[in-house]
Amino acid sequence: MKVIGIDPGIERTGFAVLEILGAKTKLLDCGCIFTDKKLPFQKRLNDLADDLKTIFKQWKPTCAGLEQIFFSKNVKTAMKVAHARGVIMEVLEEHGITTHEFNPGHIKMAVTGDSRADKLQIKKMLQYTLGISLKSDDTADAIACGICLALNLKSPLSTK
């Protein structure tokens, strides 16, 4: 089964495509979707949707793990990310991809065993377990979200 982890954003949206093979999970593709700050906001949302559709057509995931928004300071940024997240959810629905939402603490716990892990700890754990080098926090967050989804789908206690 192929799944996708998504870390929503308007400037950068991280994505990671993983394949669940029995007890193992294999990373197939990952990266960031960038939108041009110079473009009108509506055009950036449309570009995000188009790029996601291309990824979905290429990899054909059946499930998606989507990180929930957690902001405590910048409401303006949170609103823009919420718009991007809405576009992501619509495109997932359009492609018949089942969506599971996870809060940041749940994702951190799945990857590191610590719900308060910082971004550096998450990246180090992913680099160690997957044997890859990660520069982008957004890509790392998407991979972590995908791994969280894979673990939830594999769990005998999972009702999903």
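The values are calculated or read from the model by the stated rules, or taken from the named source; none is laboratory data. Note that the coordinates shown come from a computational prediction; the quantities given were computed from them, not determined experimentally. Note: ideal-geometry Cβ built from the backbone for every residue, glycine included; neighbour counts use all protein chains shown. Areas reflect the complete protein model, heavy atoms only, side chains present, ligands, DNA and RNA absent. Shrake-Rupley method; radii C 1.70, N 1.55, O 1.52, S 1.80 Å.
Regarding Thr99, is this residue at pLDDT below 95 and surrounded by 14 or more Cβ atoms within 10 Å (Cβ to Cβ)? Even if it seems obvious, please write down each step before you answer.
Details: at pLDDT below 95: no; surrounded by 14 or more Cβ atoms within 10 Å (Cβ to Cβ): yes.
Answer is no for this residue.
The listed residues are Phe15, Phe34, Phe41, and the only one of them that is more than 22 Å from Ile132 (Cβ to Cβ), among the aromatic types (Phe, Trp, Tyr) and out of contact with any Ser or Thr (no Cβ under 6 Å at 6 or more places or on another chain) turns out to be Phe41. Of the residues making up segment 12-57, those that are out of contact with any Asp or Glu (no Cβ under 9 Å at 6 or more places or on another chain) and charged (D, E, K, R) are Glu19, Lys24, Asp29, Lys38, Asp50, Asp51, Lys57. Taking segment 1-54 as the search range and keeping residues that are open to solvent by 50 Å² or more (accessible area, probe 1.4 Å) and of a type in the set (Lys, Arg), which one is modelled with the lowest pLDDT? Looking at the filtered set, the residue picked out is Lys24.
If only residues of segment 115-143 that are under 16 Å from the mean Cα position of the chain (by Cα) and of a type in the set (Asp, Glu) are counted, the one that is nearest to Leu18 (Cα to Cα) is Asp141.
Given the conditions (1) at pLDDT 95 or above; (2) in contact with an Asp or Glu (Cβ under 9 Å, 6 or more places away or on another chain); (3) open to solvent by 60 Å² or more (accessible area, probe 1.4 Å), and given that Asp114 satisfies all but one, which numbered condition is not satisfied? Status for Asp114: all satisfied but (2).
Being more than 19 Å from Arg12 (Cα to Cα), basic (Lys, Arg) and open to solvent by 20 Å² or more (accessible area, probe 1.4 Å) is a description that does not apply to Lys135.
Taking the stated definitions as given, is Leu149 within 20 Å of Asp29 (Cα to Cα), of a type outside the set (Lys, Arg) and assigned to a helix (DSSP H, G or I)? When the stated conditions are applied, Leu149 passes them.
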